[in-house]
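Scroll down for the structure; my scribbles are underneath it.
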Amino acid sequence: MALLAITDLTKCFTRRDKPFDAVSHVNLMVDAGEFVAIVGRSGNGKSTLINMIAGLVRPTSGSVTIDGNVVADLSDRELSLLRNRTIGFVTQSQTLLSNLTVLDNVILPATMFPEDKAPEPEQLIARAENLLKQLGVAELMESYPRELSGGEMRRVSIARALMNSPKLLIADEPTGDLDQESTDIVMQLLREQADSGTAVLMVTHDPDALRYADNVYRMDAGVLTEQTGQ
Amino acid sequence: MTKKLFAAVPTIVLGALIAIAPQTFAHACQGHDVPGACHYSQQAATGIGIVILLLGVIALFVEAKVRIGLNIAAALNAILLIAVPTVLIGVCSGAMMHCRAVMLPTLIVLGVLTIVFAGIAVWLDSRPAKRS
Amino acid sequence: MLIDMNKLPFENLKRKPLRTTALLAVVVVLSLALFGGSILATNLNTGMASMERRLGADLMVVPQNTAQKAEALLTDGSPTTFYLTKDVADQISQADGVAQATQQTYISSLAAACCDEKLQIIGYDPATDFVIEPWVAEQFDGTLEDGQMLAGANVNVSADGTIELYGRDWPVVAQLASTGTNLDNSVFINQTTVPAMVEASAKVATQVMPEEYAGKAVSSVLINVAEGYTAETVATNIQNLDASFKDLGFVYPGGITATTRTSLNTLVAYLTLFIAVLWVMGAIVLIAVFSTSANERKREFASLRIMGATRGMLNTIILKESAVIGLTGGVLGVAVASLVIFPFSSLIGRQLQLPYLQAGPLLICGMIVLAVASAVVLSVVGSLLTMWRLGRPEAYLTLREGE
């Protein structure tokens with residue numbers, strides 16, 4: 001069974017008393033090790049789709065299954081644990097915690113559920129440092145997010161998303177604020193994740209990023225279609 | 001800069017108050033010829049107050065490490081200040097006398113405040129500038 | 001030292017020093033007011049209760065024009081001397097409706113040596129007394145011999161157990177517990193010691209009263225009325241004994257305590273109102289600050305949610321932050337209030353002009369706990385609204401489409 005299975009997923013919003021489908025009857029399968037990209041103009045429901053996958057937004061109809069769990073059936077705690085352990089989420093907007101240093105921001109997801117398998121603090125620090133190094137922001141470890149540029153913050157959030165070695169990595173415009181060189185670093189890293197068995201789902205409108213993906217879909221007015229000729 | 005001000009200004013202000021208070025509003029009993037315990041406590045407190053004041057002034061011109069020492073000294077002086085009217089010299093035993101009802105508590109309160117502010121200053125100055 | 005959800009609230013407070021300080025300041029003021037106010041009210045009530053116990057007579061007969069002085073003597077006035085003669089006093093004791101009568105003599109001492117203040121010397125008659133003995137009995141279990149003294153709580157007794165008065169050292173057999181009234185500044189002597197005291201005063205200073213009165217001077221007759229009589233009717237009976245008794249002063253201790261009780265209740269009522277208004281305002285400020293920050297922090301909580309924090313974890317963060325502020329502020333407030341209220345206790349008592357007696361340590365501990373707990377509860381309650389707002393799922397929609 002696919003790691004991520006989306007069946008007939010719909011989200012209906014009401015705008016000026018008129019209902020409309022932000023996401024309309026979407027079906028999608030992503031296997032472990034597969035790198036899927038979704039392109040489309042903003043306002044076409046890409047972020048709503050991603051938020052539904054992560055269980056942050058409740059779908060109007062349809063279902064999302066991640067690693068065998070039906071997201072809608074999970075309790076708050078089970079869903080939180082799924083987000084923490086199974087999903088890595090790189091958001092489009094800046095979501096680092098402003099009160100923590102870069103290093104602490106990356107480590108926090110690993111210490112959030114201390115009851116199961118608690119690795120040594122040194123191991124966690126080493127892992128976080130290693131991730132930051134791979135993303136080229138190791139020298140910013142002791143800085144606070146407000147001292148960082150947009151691109152640097154984006155790379156830190158990617159490191160945070162990878163901290164718990166997720167099975168499913170969701171990235172919303174991961175290269176949005178990045179220059180060419182950083183884009184290459186980030187995309188190479190995402191590709192490596194996919195190659196080592198992680199399912200990667202990326203939303204982007206950066207054509208340079210698309211060539212790293214295995215499959216490309218297009219989202220238009222809430223409808224998802226597979227893009228051919230890739 | 002903020003640290004320096006925090007390490008010096010409260011000490012200066014409190015030192016000045018300790019020196020001035022016993023000579024003004026928190027004076028010793030008046031109107032008798034032979035000076036008593038209150039009078040000597042009053043004089044001693046003023047002296048200690050001046051020392052604390054000077055420690056604060058010096059703290060304005062020195063580096064953090066020296067400031068720590070100066071504030072420890074200020075705190076110890078404050079303990080001495082509290083000891084003067086309570087243990088070392090004492091005050092009149094008439095509970096309603098001005099020197100006991102006003103001077104003694106004033107000196108104790110000022111002494112405690114000096115210790116608290118000196119403690120905070122020591123803590124601030126001994127903290128590393130950047131977190132490790 | 002590794003960051004986790006337990007340490008996050010502290011980091012949040014540390015990294016927002018302005019907001020933390022502002023919240024702390026509000027809580028400190030509230031806890032200070034609550035603790036200071038309740039200590040004040042309790043001490044006043046303790047003082048009042050003690051005063052009521054000490055003024056154990058229904059009626060006090062004093063010489064003409066001295067009723068006010070006599071009242072002041074019982075509450076907060078300065079030492080005085082006044083007297084009538086013993087034969088008058090004996091006649092008064094015989095009046096109809098008198099169940100118990102005892103005579104007292106009041107003499108005001110001079111401030112002699114340094115650090116001595118004027119003392120009220122009270123001569124009483126152990127044989128007939130019913131006012132002082134019951135109180136004295138708590139500390140002193142013997143008879144007061146001629147020349148001996150009992151000292152009030154505030155009286156300066158020297159190390160060898162004597163008081164120097166009029167150039168003579170008077171042995172003190174016991175020092176009495178504090179009452180919060182003027183009696184604390186008094187010394188008590190046997191009435192037969194009064195002539196010796198007058199004689200001593202003649203040697204060193206202005207004589208307190210003419211020699212010929214020394215043996216027969218009585219300042220007041222304290223009366224307990226018999227069943228079925230009121231203090232007022234007994235006063236009338238006394239006035240009817242002799243034409244010259246019309247001018248005598250009559251003091252009704254029950255009336256004094258009632259008046260004092262009224263002004264004390266007024267003060268406590270104002271105090272309560274003031275603290276209540278302060279707390280309501282403080283609660284509004286806290287809720288306002290907490291809920292403004294809730295808006296600012298939506299993004300922060302959304303990202304915690306994305307990382308996998310449960311709703312319970314988010315609530316715990318808010319709860320911990322507000323509890324830490326409440327606890328710290330509460331403790332600081334109590335500390336600051338204590339720094340003023342305990343050392344300056346006697347000054348406060350003097351300024352209030354009301355009986356003021358420090359409450360016991362157990363009661364104080366109770367009030368400390370109450371003040372700190374109230375601060376914590378208020379600050380936690382203030383954050384409940386925030387918790388509710390962040391608990392709604394809609395809060396996470398802010399992450400939609402880069403809004």
Which numbered condition trips up A:Glu152, out of (1) touching a residue at least 24 places away in the same chain (Cβ under 8 Å); (2) under 25 Å from C:Lys7 (Cβ atoms)?
(1)
Taking region A:87-99 on its own, how many of its residues are at the interface with another protein chain (Cβ under 7 Å from one of its Cβ atoms) and under 8 Å from the mean Cα position of the chain (by Cα)?
2
Inspect region A:2-9 for any residue being within 14 Å of another protein chain (Cβ to nearest Cβ) and either at pLDDT 85 or above or surrounded by fewer than 22 Cβ atoms within 10 Å (Cβ to Cβ) (or both) and give the result as yes or no.
no
Residue selected from region A:100-140 under the condition assigned to a loop (DSSP other than H, G, I, E, B) and modelled with pLDDT of 90 or more, by the criterion nearest to the other protein chains (Cβ to nearest Cβ):
A:Leu100
Here's a check for you: in region C:6-60, which residue that is in a loop (DSSP other than H, G, I, E, B) and crowded, with 20+ Cβ neighbours inside 10 Å is farthest from the other protein chains (Cβ to nearest Cβ)?
C:Asp58
With (1) of a type in the set (A, V, I, L, M, F, W, C); (2) surrounded by 18 or more Cβ atoms within 10 Å (Cβ to Cβ); (3) assigned to a helix (DSSP H, G or I) as the list, and C:Ala72 as the residue in question, which single condition is left unmet?
(2)
Checked region A:39-50 for anything within 21 Å of A:Arg83 (Cα to Cα) and in contact with a Lys or Arg (Cβ under 7 Å, 6 or more places away or on another chain); matches are A:Ser47, A:Thr48
Mind checking whether some residue in region C:128-143 is in a strand (DSSP E or B) and either surrounded by fewer than 19 Cβ atoms within 10 Å (Cβ to Cβ) or of a type in the set (Ser, Thr, Tyr) (or both)?
no
Counting only residues that are touching a Ser or Thr at 6+ places or on another chain (Cβ under 6 Å) and farther than 14 Å from A:Gln94 by Cβ, which one in region C:298-318 is nearest to the other protein chains (Cβ to nearest Cβ)?
C:Gly308
From (1) more than 7 Å from every other protein chain (Cβ to nearest Cβ); (2) free of Cβ contacts under 8 Å to residues at least 40 places away in the same chain; (3) buried (at least 18 other Cβ atoms within 10 Å of the Cβ), pick out the condition that doesn't hold for A:Asp73.
(3)
Which fully enclosed strands (runs of 3 or more DSSP E) of region A:1-84 have 1 or more residues being more than 27 Å from A:Gln193 (Cβ to Cβ)?
A:4-15, A:18-30, A:61-66
Tell me, please, whether a residue that is in a helix (DSSP H, G or I) and away from chain C (no Cβ under 14 Å) can be found in region B:86-103.
yes
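Okay, residues lined up against (1) free of Cβ contacts under 8 Å to residues at least 12 places away in the same chain; (2) assigned to a loop (DSSP other than H, G, I, E, B); (3) within 14 Å of chain C (Cβ to nearest Cβ):
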{"residue": "B:Gln42", "(1), (2), (3)": "no, no, yes"}
{"residue": "B:Thr46", "(1), (2), (3)": "no, no, no"}
{"residue": "B:Gly49", "(1), (2), (3)": "no, no, no"}
{"residue": "B:Ile52", "(1), (2), (3)": "no, no, no"}
{"residue": "B:Ile58", "(1), (2), (3)": "no, no, no"}
{"residue": "B:Phe61", "(1), (2), (3)": "yes, yes, no"}
{"residue": "B:Val66", "(1), (2), (3)": "yes, no, no"}
{"residue": "B:Gly69", "(1), (2), (3)": "yes, no, no"}
{"residue": "B:Ala74", "(1), (2), (3)": "no, no, no"}
Conditions (1) within 14 Å of chain B (Cβ to nearest Cβ); (2) among the aliphatic types (A, V, I, L, M); (3) within 21 Å of C:Leu13 (Cα to Cα); (4) under 22 Å from the mean Cα position of the chain (by Cα) -> C:Val372 fails only (1)
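The values are calculated or read from the model by the stated rules, or taken from the named source; none is laboratory data. Predicted, not measured: the structure shown is a model, and the values here were computed from it. Counting neighbours? That spans all protein chains shown, and the Cβs are built from the backbone with ideal geometry, glycine included.
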